[in-house]
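The structure appears below as structure tokens.
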Amino acid sequence: MQQYTNPTEKKPLGKRIVAELLSWLKELAIAAVIVLLVAAFLIQPVRVKGESMLDTLQDGEVMLVTKPEYLFGDPAFGDVVICHYPGRGLEYFVKRVMGLPGDVIEIRDNTVYRNGEALEEPYLTPERNDNGFDMAPFFLGEDEYFVMGDNRDWSHDSRNYHPDGTPSAITRNMIRGHVRWVMFPFGSIRTIE
């Protein structure tokens, strides 16, 4: 004789708890995958560490970084970006793009010249850019970008990040995203240009 189970019968408590936990774990795994995909390809919050971008960005602020425009295009002159430096692991650095492939960058008495023209840089604070820095003309190759912090007196950037302290560009694959907004603290929410 065959026995049939009544579908309305309840499972034992232990089996119900295990089934519920497995359901929750599945939902958490799906959510984690979605978060990782969004951070890798769309947007990512990143906390500012240090003072190399004062007064544009403050230490401890949380910026929102977008990525799609760099998945399908290249950074533009003046973009504030997050990037990696060779030999520095996966740590992000936030800098401003000052030179594009094919450009010539020169610095005379703290003034940056791009292709022979002095740049107007309204985002700089004069007291943070008064160390008398000079740099001979630096020619960027076809896949090279020159990045600098807005707090030039305290920024480790393309002017000096090479181990011997000489200028060195970063390559396109080191630029990971475009800084668009400051999202925290809430009283400081703003767009970044």
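The values are calculated or read from the model by the stated rules, or taken from the named source; none is laboratory data. From a predicted model like this one, the values you see are computed outputs, not experimental measurements. Here the Cβ is made from the backbone with ideal geometry for all residues, glycine too, and neighbour counts use every protein chain on show. Keep in mind that these areas ignore ligands, DNA and RNA; they rest on the heavy atoms of the full protein, side chains included. Shrake-Rupley method; radii C 1.70, N 1.55, O 1.52, S 1.80 Å.
Side notes on the structure shown:
- Each peptide in 104-113, 150-159, 81-90 receives the mean, over its residues, of other Cβ atoms within 10 Å, and ordering these scores from highest gives 150-159, 104-113, 81-90.
- Of the chymotrypsin sites (Phe, Trp or Tyr not before Pro) in the range 48-91, those whose Cβ has at most 15 other Cβ within 10 Å and which sit in DSSP loop: Phe77
- Per atom type, the chain shows carbon and sulfur on 60% of its accessible surface, probed at 1.4 Å.
- GNM top mover of Ala31, Ala76, Ala118 - the chain, alpha-carbon springs below 10 Å: Ala31
- At a probe radius of 1.4 angstrom, the accessible area of the chain per residue rounds to 62 square angstrom.
- GNM top mover of Pro75, Pro101, Pro12 - the chain, alpha-carbon springs below 10 Å: Pro12
- Per residue convex hull volume, Cα atoms of the range 41-118, in Å³: 126 Å³
- Taking Leu22, Leu36, Leu64 in turn, the Gaussian network model of the chain (Cα-Cα springs below 10 Å) assigns the largest fluctuation to Leu22.
- Rounded to the nearest 500, the 222 nm mean residue ellipticity of the chain from helices alone is -6000 deg cm²/dmol, with -39,500 (n - 2.57) taken per DSSP H run of at least 4 residues.
- Charge-dipole axis of the range 136-193 as Lys and Arg at +1 and Asp and Glu at -1 on Cβ define it, positive-most pick from Val182, Tyr161, Phe146: Val182
- The chain: Lys pairs at Cα distance under 30 angstrom, eight or more positions apart or on different chains: 7
- Rounded FRET efficiency, nearest 0.05, which uses the C-beta distance separating Leu37 from Ala136 and R0 of 45 Å: 0.55
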